[in-house]
Amino acid sequence: MRSANEMEYIKLTDEESCADDGMPYIWFFEVNPQNDRLQERSIEVDPSGRVQCMTKEEYLDSVIELVPVPTAEELNQGIWGETQHAELISKEQFEALWNAQPGCLPQQFGRLSEEAES
């Protein structure tokens, strides 16, 4: 069980935005529950495999309005789209993705899926 002051890590997929080969948009969020659930870092992978990593500072420079990241449970309620699926991941999984070379990301996604099933 995560303590209240620990970061939360979420993997969010959107099946509706799949490419022809079935690769969905995937986001990974490091969320700070003590700071209004704002993201500290995020990783976005589009269906073509293009990856964008963003720190909190980069996020703050790119948005008009700060929006808290919903919990995985809230994301799975379908409010933001029926084709989205969220799950909690570990800090270690997030860090492995954050620190991976771009060419390694698809392999990392596979490991995440396998770990989530076990």
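Bear in mind that the values in this text are calculations on the coordinates, not laboratory data. Note that the coordinates shown come from a computational prediction; the quantities given were computed from them, not determined experimentally. Note: ideal-geometry Cβ built from the backbone for every residue, glycine included; neighbour counts use all protein chains shown.
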Charge sum, other residues only, whose C-beta stays under 12 Å from VAL63's C-beta, Lys/Arg counted +1 and Asp/Glu -1: -3
Inter-label distance, nm, simple model (7 Å from Cα along the C-beta direction), ARG50/ALA96: 2.7
